[in-house]
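First up is the structure itself, then whatever we jot down about it.
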Amino acid sequence: MDDDLIETGDAPRSRYTKLPGKGFFYPDSLDDERAERRARETIEGSEAVVIADGDADGLACAAMIREAYDAALDVAPFEDAIAARLDDEREGDEAAETAGDVADDEDPLEDAHAQSSVGLLSAGPYSIDTALERVAAHADDGIDLFVCDLCPDDYEWIAEPLEELADSTDAIRWFDHHQWDDETASAVREAGVDLVVGESDEECTADVTLRSLGREFDDRWAELAAVTRDHDLWLKEDPRSDDLADYSYWAGAEEYAAVVGAYGVDLPEAVRSFVSERRVEKEARIDLAVDRAVTHEVGDWRVAVTYGRCSQNEVAERLREAGADAAVIVKPAGSASIRGSDDFRHAHEVAGRVNGGGHPQAAGCKPDIYDDMLDYAHHWSTEGQACQRVILAAFEAVAEEVAAEERDADEAEAAE
């Protein structure tokens with residue numbers, strides 16, 4: 001495929017935001033090979049391994065654990081790379097081409113993932129099993145294993161690698177703040193895992209990790225947890241939390257862990273400049289997604305649905321401010337984010353009907369409607385109409401259930 005077809009280049013934003021990022025077009029088989037190789041390099045020889053969500057909350061936990069093991073990476077090479085990246089973005093293609101002349105094997109950060117004695121694997125809620133399998137395959141016996149900011153939907157699909165690791169590791173500690181099913185939590189604990197789950201509406205996982213590691217940390221770590229919580233729980237009281245969230249999204253996991261490990265929430269000037277530059281594009285994408293939104297009446301709820309490559313939380317916030325009870329952001333890659341409000345706490349129920357899950361006010365899904373690339377072509381050219389239809393149908397089904405429950409409650413109350 002011609003690279004120009006999947007690069008943003010000079011294409012209008014109204015067009016390229018309808019398409020997924022170029023990583024979507026990279027075959028899973030090649031991506032899996034690369035991920036397996038990097039995981040092996042990360043894990044082999046480590047005294048501890050952290051499996052963490054790749055957002056600001058999960059990576060703050062990884063930085064704390066590395067601090068506890070005196071295993072933080074030197075931040076200087078990362079700062080040099082950030083400054084060079086910032087120059088590239090400011091100077092355009094000419095600088096980018098010059099930077100591209102450096103071979104991968106000359107990149108001082110090419111093997112950063114293998115340099116700490118505490119290995120870091122980024123994972124999502126649906127790849128916990130793969131991450132555990134990789135640790136089981138490549139880790140030395142007697143390591144410490146940490147899992148942070150991740151919650152499995154069901155124990156069975158992580159049971160085999162977790163139980164194998166329980167026999168070979170020195171300890172497994174799992175820190176989280178999501179809403180766990182009692183049966184899943186009990187099974188994880190019975191496997192020999194020290195599971196600590198904080199209150200999901202009061203703590204982020206960085207809070208849980210900070211209080212659970214049994215080590216005295218400097219005040220800056222408590223501040224990092226507090227500011228991370230501000231964004232992760234969507235409190236929005238500290239403007240620095242947006243900096244952390246945006247930076248974690250745009251930076252690699254090793255870079256973010258190294259920088260916040262060294263500086264906490266007081267990000268260096270190069271990072272703040274980099275984030276500021278990237279926000280110009282981010283805000284434009286948010287505006288475009290909000291302009292594309294269409295509001296539907298579903299039961300007693302106003303559901304705003306939009307499409308595009310954008311920052312879903314900020315788009316959802318803007319749609320809520322415009323009067324929506326719930327927001328759906330359909331993404332070009334085929335998945336969707338569902339965000340609720342004080343008047344809509346059923347996001348996880350809707351997502352659960354379309355191959356997903358999550359929390360009452362924040363959930364995600366990927367409807368099983370894509371059989372081949374023609375289905376994706378239709379998805380892009382129609383701004384996700386098929387995906388929107390099945391999600392709206394799920395909203396309607398949940399609305400009927402909620403209405404029936406309310407009628408039953410009213411009848412029971414009247415009977416009393």
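See the values below:
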{"item": "Selection within segment 169-188 - in a helix (DSSP H, G or I) and touching a strand residue (DSSP E or B) at 6+ places or on another chain (Cβ under 9 Å)", "result": "185, 188"}
{"item": "Hits in segment 217-229 - residues which are charged (D, E, K, R) and assigned to a helix (DSSP H, G or I)", "result": "219, 220, 223, 229"}
{"item": "Only one of 347, 397, 393, 362 that is of a type in the set (Gly, Ala, Ser), at pLDDT 95 or above and in contact with a helix residue (DSSP H, G or I) (Cβ under 9 Å, 6 or more places away or on another chain)", "result": "397"}
{"item": "Some residue of segment 83-90 being assigned by TED's automatic domain parsing to the domain that holds residue 212, part of a loop (DSSP other than H, G, I, E, B) and either at pLDDT 95 or above or out of contact with any strand residue (DSSP E or B) (no Cβ under 9 Å at 6 or more places or on another chain) (or both)", "result": "no"}
{"item": "Residue list for segment 132-191, restricted to those being surrounded by fewer than 18 Cβ atoms within 10 Å (Cβ to Cβ) and on the phi > 0 side of the Ramachandran plot", "result": "142"}
{"item": "Cross-chain or 6+ apart pairs with Cβ under 6 Å, segment 230-245 first and in contact (Cβ under 8 Å) with a residue 12 or more places away in the chain and in a helix (DSSP H, G or I), then surrounded by fewer than 22 Cβ atoms within 10 Å (Cβ to Cβ) and among the charged types (D, E, K, R)", "result": "241/230"}
{"item": "Residue that is within 15 Å of residue 147 (Cα to Cα) and not small (Gly, Ala, Ser), where the choices are 53, 74, 70", "result": "53"}
{"item": "Residues located in segment 189-210, provided they are outside any helix (DSSP H, G or I), under 14 Å from residue 173 (Cβ atoms) and under 23 Å from the mean Cα position of the chain (by Cα)", "result": "195, 196, 197, 198"}
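Residues checked against (1) touching a residue at least 40 places away in the same chain (Cβ under 8 Å); (2) farther than 25 Å from residue 207 by Cβ:
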position: 144; (1), (2): yes, no
position: 150; (1), (2): yes, no
position: 159; (1), (2): no, yes
position: 167; (1), (2): no, yes
position: 174; (1), (2): no, no
position: 182; (1), (2): no, no
position: 187; (1), (2): no, no
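Yes/no per residue for (1) closer than 22 Å to residue 297 by Cβ; (2) among the hydroxyl-bearing types (Ser, Thr, Tyr); (3) in contact with a strand residue (DSSP E or B) (Cβ under 9 Å, 6 or more places away or on another chain):
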{"residue": "321", "(1), (2), (3)": "yes, no, no"}
{"residue": "328", "(1), (2), (3)": "yes, no, yes"}
{"residue": "333", "(1), (2), (3)": "no, no, no"}
{"residue": "340", "(1), (2), (3)": "yes, no, yes"}
{"residue": "348", "(1), (2), (3)": "yes, no, yes"}
{"residue": "357", "(1), (2), (3)": "no, no, yes"}
{"residue": "386", "(1), (2), (3)": "yes, no, no"}
{"residue": "401", "(1), (2), (3)": "yes, no, no"}
{"residue": "412", "(1), (2), (3)": "no, no, no"}
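To keep it simple, each residue is scored yes or no on (1) surrounded by fewer than 19 Cβ atoms within 10 Å (Cβ to Cβ); (2) closer than 18 Å to residue 377 by Cα; (3) at pLDDT 95 or above.
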{"residue": "1", "(1), (2), (3)": "yes, yes, no"}
{"residue": "9", "(1), (2), (3)": "yes, no, no"}
{"residue": "14", "(1), (2), (3)": "yes, yes, no"}
{"residue": "17", "(1), (2), (3)": "no, yes, no"}
{"residue": "28", "(1), (2), (3)": "yes, no, no"}
{"residue": "32", "(1), (2), (3)": "yes, no, no"}
{"residue": "56", "(1), (2), (3)": "no, no, yes"}
{"residue": "59", "(1), (2), (3)": "no, no, yes"}
{"residue": "62", "(1), (2), (3)": "no, no, yes"}
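The values are calculated or read from the model by the stated rules, or taken from the named source; none is laboratory data. Source: prediction; values computed, not measured. All Cβ positions, glycine included, derive from the backbone under ideal geometry; neighbour counts span all protein chains shown.
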